[in-house]
1. Restricting segment 168-186 to residues that are more than 18 Å from the chain's Cα centre (by Cα) and under 21 Å from residue 145 (Cβ atoms), which is surrounded by the fewest Cβ atoms within 10 Å (Cβ to Cβ)?
2. So, in segment 40-61, how many residues would count as being in a strand (DSSP E or B) and free of Cβ contacts under 8 Å to residues at least 40 places away in the same chain?
3. Within segment 13-38, track down each residue that is in contact with a strand residue (DSSP E or B) (Cβ under 7 Å, 6 or more places away or on another chain) and within 14 Å of residue 94 (Cα to Cα).
4. Please tell me if residue 88 is more than 13 Å from the chain's Cα centre (by Cα) and closer than 25 Å to residue 145 by Cα.
5. Give me the residue from segment 189-207 that is out of contact with any helix residue (DSSP H, G or I) (no Cβ under 7 Å at 6 or more places or on another chain) and buried (at least 16 other Cβ atoms within 10 Å of the Cβ) and, out of that set, farthest from residue 118 (Cα to Cα).
6. Looking only at segment 82-95, decide whether some residue is modelled with pLDDT of 95 or more, crowded, with 18+ Cβ neighbours inside 10 Å and assigned to a helix (DSSP H, G or I).
7. Could you tell me whether any residue of segment 134-155 is modelled with pLDDT under 95, part of a helix (DSSP H, G or I) and in contact with a helix residue (DSSP H, G or I) (Cβ under 9 Å, 6 or more places away or on another chain)?
8. Looking at (1) touching a strand residue (DSSP E or B) at 6+ places or on another chain (Cβ under 8 Å); (2) free of Cβ contacts under 8 Å to residues at least 60 places away in the same chain; (3) under 23 Å from residue 74 (Cα atoms), which is the one condition that is false for residue 129?
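The values are calculated or read from the model by the stated rules, or taken from the named source; none is laboratory data. Quick caveat, the model's predicted, so the values are computed rather than measured. With ideal geometry, Cβ positions are generated from the backbone for all residues, glycine too; neighbour counts draw on all protein chains shown.
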């Protein structure tokens, strides 16, 4: 059977994606709900947190991806490994993010990563970019003190914009004035590997919540 085509660009402002993310019963998902949580937004096939969940069983991992087909694939990969500290959700994180974040146990969100989001180059499409000021405000609200917010992109314009949004938040502290030379996490994303293999630069920044 021919595999369905995966769309590279999905308009998050289309009617289809203007619905809240379906929230599961978290106690049915994670063996230990009190473990610190790593939230990976725009996780694509989820290979980054799939590896992270194996390396750090003492933490929980949650990936959010707008393309349903990739989430189905990611959940199958998780189930094949019988991981109980990892889950993936399908949906638009910019639509009612508070409903998702408030459903989680309080005081567990320790890491947030946004890696290689869709750049949406045309000026009229900038509002389609995932990391927007309102989303930053909501995410930081639930990030615990000392928590980490990490961003990276191979498109400098996108990285600069994301970094600016995060710098504007009074509760976040940029850990380095320069772009980070290496990824602080031991598991690179598929996109990251492809970009580095081509010898292209990656623009990374890390923030800590005060």
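1. Residue satisfying both the conditions and the ranking: 170.
2. Adding up the residues that qualify gives 1.
3. Hit for segment 13-38 is 21, nothing else.
4. no
5. Per the criteria, the residue is 206.
6. For segment 82-95, residues modelled with pLDDT of 95 or more, crowded, with 18+ Cβ neighbours inside 10 Å and assigned to a helix (DSSP H, G or I): absent.
7. no
8. With (1) touching a strand residue (DSSP E or B) at 6+ places or on another chain (Cβ under 8 Å); (2) free of Cβ contacts under 8 Å to residues at least 60 places away in the same chain; (3) under 23 Å from residue 74 (Cα atoms) applied to residue 129, the lone miss is (1).
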